[in-house]
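Q: Below you'll find the structure I mean.
Nothing in this text is a laboratory measurement; each read-out follows from the coordinates by a stated rule. Since we're looking at a predicted model, the values are computed, not measured. In this analysis, Cβ positions are derived from the backbone assuming ideal geometry, glycine residues included, and neighbour counts consider all displayed protein chains.
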Amino acid sequence: MSDTSNKKIIFSGIQPTGIFTLGNYIGAISNWGRLQDEYSCIYSIVDMHAITVRQDPVKLRAHTLEAYALLLACGIDPEKSVAFIQSHVKTHAELNWVLSCSTQFGELSRMTQFKDKSQKHPDDINAGLFTYPVLMAADILAYNADLVPIGADQKQHLELARNVAQRFNGKYGEFFTVPEPYLPPVGARVMSLQDPVRKMSKSDTNPNAVIFILDEPDVIIRKFRKAVTDSSSEVRYADGKDGINNLMTVYSVVTGRSFGEIEAEFEGRGYGDFKTAVGEAVAEHLKPVRDNFKRLTADKAYLKECYTKGAEAAERISQKTVTKVYRKVGFVDKR
Ligand code: TRP
């Protein structure tokens, strides 16, 4: 990717906390791949964000490499996009500090994710958890990203990043691009297979509720066959049929068929047939991801080359920002 292209810049990050789910894939990562030709894309595995909750160091290292391989397996092309591991690029921590001095205690206190996570981990309400959104702002502003693909749960954090950028610009003169959320044209919210009013979540304790993108075909089909639906038997998208609506959404995304076409396809055929068909279609859809992942993890040297180059490119771009920021706030030039 050239630094000088006039394509709009996209930045997004994902935490290395285990295999991505079908929800992560359909709602986020599969879109990241589609954006690569139209935009200058920068994607990061955000391991520094991950340690705001307690992590086993051995697992974090493994999960970070696995997440990086998954990113490539899902179609992020390291020749087209900058794909890197956050802790490899020191400018994020540097910019984080400067931006934290343009962030108010009060606005961080209003973050609902902080409130939720402090309730979940009452014995470890650390300062990093509190200032997490500032690091996220640094991730985005370091590249002067125009657009940030995010899920609904990150909207408040992005709003904070915008406020921080505007406040900095107000104090030191127009400098940062104020980022906009990017809402993908296609992309759906995938719900739990066991409790379809809740979002599909990596951390669900019921293994049947969530499809991991590396699940084997028989596992995927079994989980879909056990999906919770309602007591009728008509495959039709309708209010109150949360389970069926979710399965129809997934089937529609992976097959490209409309709801009308799906309803016609399963007319008079009951839920059993439909669930099996969804499972088979998803298993087939994820086959290239599984194959790519196997190939990539067998070639550690290639992966390392990719993340090393990614970090170099990310540093080249973001160092320019940090150098200018340091000058703006009044730090003395190093040379
Ligand atoms: N906080 C995001 C999440 O948990 C991950 C993230 C970190 C991110 N930095 C980012 C997302 C910058 C978008 C842009 O999902």
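Q: What are the lysines whose alpha-carbon lies under 19 Å from the alpha-carbon of LYS324, with same-chain residues fewer than 8 places away excluded?
A: LYS90, LYS171, LYS334
Q: Which entries of LYS202/LYS304; LYS80/LYS199; LYS115/LYS155; LYS120/LYS202; LYS80/LYS300; LYS117/LYS287 show an alpha-carbon separation above 24 angstrom in the structure shown?
A: Working: LYS202/LYS304 26 Å; LYS80/LYS199 31 Å; LYS115/LYS155 15 Å; LYS120/LYS202 16 Å; LYS80/LYS300 20 Å; LYS117/LYS287 35 Å.
Over 24 Å Cα-Cα: LYS202/LYS304; LYS80/LYS199; LYS117/LYS287.
Q: Turning to a different aspect of this structure: Between VAL53 and ARG257, what is the label-to-label distance in nm when each label sits 7 Å out along the Cα-to-Cβ direction?
A: 3.7 nm
Q: Among DSSP beta bridges lying fully in the chain, give the percent that are antiparallel, nearest 5. Write out the running numbers ahead of the final one.
A: Numbers: 2 of 16 bridges.
In the chain, DSSP labels about 10 percent of beta bridges as antiparallel.
Q: Sort 68-81, 142-155, 320-333 by the packing proxy (mean of other Cβ within 10 Å over each peptide's residues), most packed first.
A: Numbers: 68-81: 20.9, 142-155: 18.5, 320-333: 13.4.
The densest-packed peptide leads the list: 68-81, 142-155, 320-333.
Q: What value, in deg cm²/dmol to 500, does the helix sum -39500 (n - 2.57) over DSSP H runs of n ≥ 4 give at 222 nm once divided by the residues of the chain?
A: On the way: 14 runs with 170 residues, N = 335.
-16000 deg cm²/dmol, from helical runs alone.
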